[in-house]
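Just dropping this structure here.
The values are calculated or read from the model by the stated rules, or taken from the named source; none is laboratory data. These figures come from a predicted structure and were not determined experimentally. Methodologically, a virtual Cβ is constructed for each residue, glycine included, from the backbone with ideal geometry; neighbour enumeration extends over all protein chains shown. Protein only, heavy atoms only, side chains kept; ligands, DNA and RNA dropped before computing areas. Shrake-Rupley method; radii C 1.70, N 1.55, O 1.52, S 1.80 Å.
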Amino acid sequence: MFDSDFADRFVQLLRWRRDVRHFAPDAVPEQDMHELLTCAALAPSVGNSQPWRFVRLRSVTVRDALVAHVDEQNALAAERYQGQERYETYRKLKLHGLREAPELLAVFCDEKPEAGHGLGIATMPEALRYSCVTAIHTLWLTARLRGIGVGWVSILDPAAVRAMLDVPADWSLIALLCIGFPQDEFDTPELERQGWQLREPLLDRVFER
């Protein structure tokens, strides 16, 4: 179904799928956002439960609250490195683009979806969350195809974000995503470029039994 040229370009897409923190001010066309969400919904899900719930954040007040919260959590996280060589490196890292990104998207998992009728989650209920992660990755690749960047913000308190967004009690936060056109294009992770962590050999992470 797919030729070798497609396979080569697919690998290239994976290499250029970077976590973006520096965004240009250009708005993301609404049609592109529709395509991102449409393709994300093509991801596999346990029991065909489709547990992903996408919340587009439009409110300036909510954005400001998220920025303040993440900045606070970032400062607390920095304290872990006090007295270490990494402290100054950490303080220089830009770890989110919540101020600049034209689109903010919170992705939640419905822990009790009606769809799927419980298939596949009796012994591994966390498979619902894994399904949401596959949807995020699918969205990410779809974005990159269109020259759009995505940044995953993880320095936050999920309970605090849930409260800010006033979502149902059965929804668990999976990701807070910044979406927009990157200021610059790189095929190397920013944390690698900034000297935080190099990519390690794949064979160190492959085992046989």
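Could you give the DSSP H helices of the chain that reach 24 angstrom or more along their long axis (alpha carbon positions) and whose average Kyte-Doolittle hydropathy is no lower than 0.5?
Counting only whole DSSP H runs, the qualifying helices are 127-145.
Still on this structure, I have one more. When only Cα pairs under 8 Å and 6 or more residues apart are kept, what is the percent relative contact order across the chain?
Here the relative contact order equals 37 percent.
Assigning unit charges at the beta carbon (Lys, Arg +1; Asp, Glu -1) and nothing else, what dipole magnitude in debye, to the nearest 20, does the chain show about its Cα centre?
Here the chain has a charge dipole of around 180 debye.
Any chance you could run the full-extension gain for residue 7 through residue 111? It's 0.36 nm times the residue separation minus the Cα-Cα distance, nm to one decimal.
33.9 nm
Now for a separate question. What does the charge count near residue 39 come to, summing +1 for each Lys or Arg and -1 for each Asp or Glu among other residues with Cβ under 12 Å from its Cβ?
Neighbourhood net charge equals 0.
Alpha carbon centre of segment 167-186 versus segment 87-162: separation in Å?
About 5 Å separates the Cα centre of segment 167-186 from the one of segment 87-162.
Same structure, new question: Based on DSSP H runs of at least 4 residues, each adding -39500 (n - 2.57), what is the mean residue ellipticity at 222 nm of the chain after dividing by all its residues, to the nearest 500 deg cm²/dmol?
Computed mean residue ellipticity for the chain: -11500 deg cm²/dmol.
Same structure, new question: How large is the accessible surface per residue of the chain, computed with a 1.4 Å probe and reported in Å² as a whole number?
Accessible area per residue: 60 Å².
Turning to a different aspect of this structure: Counting pairs of Cα atoms in segment 80-209, how many percent are more than 24 Å apart?
That tail contains 48 percent of the Cα-Cα pairs.
Beta carbons within 10 angstrom, averaged per residue: use that to sort the peptides 103-114, 69-80, highest first.
Per-residue mean Cβ counts within 10 Å order the peptides as 103-114, 69-80.
If I build a Gaussian network model for the chain, linking alpha-carbon pairs within less than 10 angstrom, which residue out of 101, 159, 127 has the largest mean-square fluctuation?
Result for the chain, Cα springs under 10 Å: 159 fluctuates most.
Contact order normalised by length for segment 29-114, with contacts defined as Cα pairs under 8 Å and 6 or more residues apart; what percent is it?
After rounding, I find 49 percent.
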